[in-house]
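Student: Structure provided below as structure tokens; questions to follow.
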Amino acid sequence: MLVQTRELVGALKAARLFASTDATRPNLNCVHVEAVDNALRVTSTDGHTLWCAEIPAQDSAPATAWNANLADVDIIVRELARGGTIEAEISLVKRQVHDLVFEQVSENFPPYSAVIPALKACEPGRYLPEFAAEYVSRACEAFRLYARGFAPTVPKLGTRSEKQKARDRLNAHLAPPIAWRIGGALDPAIFYSPKFPCALAIVMPRRGEDSTATGIENFVARVRVSKRAA
């Protein structure tokens, strides 16, 4: 598959923020990359927050997936940023980016797709106190990193006025996402930007006095139960 290098780098950097750092949970200590129609979908989660973005591809590929460990993700980002190529060629079957071949994390990635359709019922909301500030900041930072893959550049040459206008356009482009909420007290918030409809972040609320977040896995289970009941 051929995708824009800047867009892939931005999506991987954003996904890196949401992947678990717990090495004992290899199915979360990775970034999930899969082919979906004519797009490359990049997803990661630590069980409390989730990132998902689709990057348009110039060609289609078989419905395959690859769980890339975080060390490999860092190598991919570094090499793509260093290479300076406009397009990145990625093979999920071979787990290959350009000439670099990587390993597969054998554990299954969580069934995250069960969460996303349920978020269509959400309502506009605010950054409410039951959402940990760390997770809200993570969502905003992820969109800033992702947006840079699509961002206008500030010219090195030109008048001061031209450069300032370019900076203003860039700052507007990197504006933080909008927060939406689902009605239930235990349900997540979704962060999205109208400029990037193919990307979203999910943040679960804190629970009780211990301030631990409710798990995305629990929310998935509740979604499945409600679907069966319907």
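Student: May I ask you to verify whether TRP66 is under 22 Å from ARG148 (Cβ atoms), within 16 Å of the chain's Cα centre (by Cα), in the same structural domain as LEU100 (by TED's automatic domain parsing) and not in a helix (DSSP H, G or I)?
Tutor: Values: under 22 Å from ARG148 (Cβ atoms): no; within 16 Å of the chain's Cα centre (by Cα): yes; in the same structural domain as LEU100 (by TED's automatic domain parsing): yes; not in a helix (DSSP H, G or I): yes.
Here the answer is no, as TRP66 does not meet what is asked.
Student: Can you name every residue in the range 66-118 that is among the hydrophobic types (A, V, I, L, M, F, W, C) and out of contact with any helix residue (DSSP H, G or I) (no Cβ under 8 Å at 6 or more places or on another chain)? Spell out the reasoning first.
Tutor: First pass over the range 66-118, keeping only residues among the hydrophobic types (A, V, I, L, M, F, W, C): 66, 68, 70-71, 73, 75-77, 80-81, 86, 88, 90, 92-93, 97, 100-102, 105, 109, 114-116, 118.
TRP66, ALA71, ILE75, LEU92, VAL93, VAL101, VAL105, PHE109, ILE116 - these are the residues of the range 66-118 that are among the hydrophobic types (A, V, I, L, M, F, W, C) and out of contact with any helix residue (DSSP H, G or I) (no Cβ under 8 Å at 6 or more places or on another chain).
Student: I would also like to ask the following. Among the residues of the range 25-48 satisfying the criterion of being touching a residue at least 40 places away in the same chain (Cβ under 8 Å) and not in a strand (DSSP E or B), which is surrounded by the fewest Cβ atoms within 10 Å (Cβ to Cβ)?
Tutor: Among residues in the range 25-48 that are touching a residue at least 40 places away in the same chain (Cβ under 8 Å) and not in a strand (DSSP E or B), the one surrounded by the fewest Cβ atoms within 10 Å (Cβ to Cβ) is PRO26.
Student: Still on this structure, I have one more. Look at the range 52-70 and say how many of its residues are over 18 Å from GLY10 (Cβ atoms) and either basic (Lys, Arg) or surrounded by 20 or more Cβ atoms within 10 Å (Cβ to Cβ) (or both). Break it down into steps so the answer makes sense when it comes.
Tutor: So the first thing to find is which residues in the range 52-70 are over 18 Å from GLY10 (Cβ atoms), and the list is 59-67, 69.
Still in the list and also either basic (Lys, Arg) or surrounded by 20 or more Cβ atoms within 10 Å (Cβ to Cβ) (or both): 66-67.
Qualifying residue count for the region: 2.
Student: Take the range 26-73 and flag every residue that is over 29 Å from PHE131 (Cα atoms) and of a type in the set (Val, Ile, Thr).
Tutor: Selection gives VAL36, THR64.
Student: Could you please find all residues in the range 71-108 being over 21 Å from GLY149 (Cβ atoms), of a type outside the set (Val, Ile, Thr) and surrounded by fewer than 14 Cβ atoms within 10 Å (Cβ to Cβ)?
Tutor: ALA71, LYS94, ASP99, GLU103, SER106, GLU107, ASN108
The values are calculated or read from the model by the stated rules, or taken from the named source; none is laboratory data. Since we're looking at a predicted model, the values are computed, not measured. Don't worry about glycine lacking a Cβ; one is built from the backbone with ideal geometry, like all the others, and counts go over all protein chains shown.
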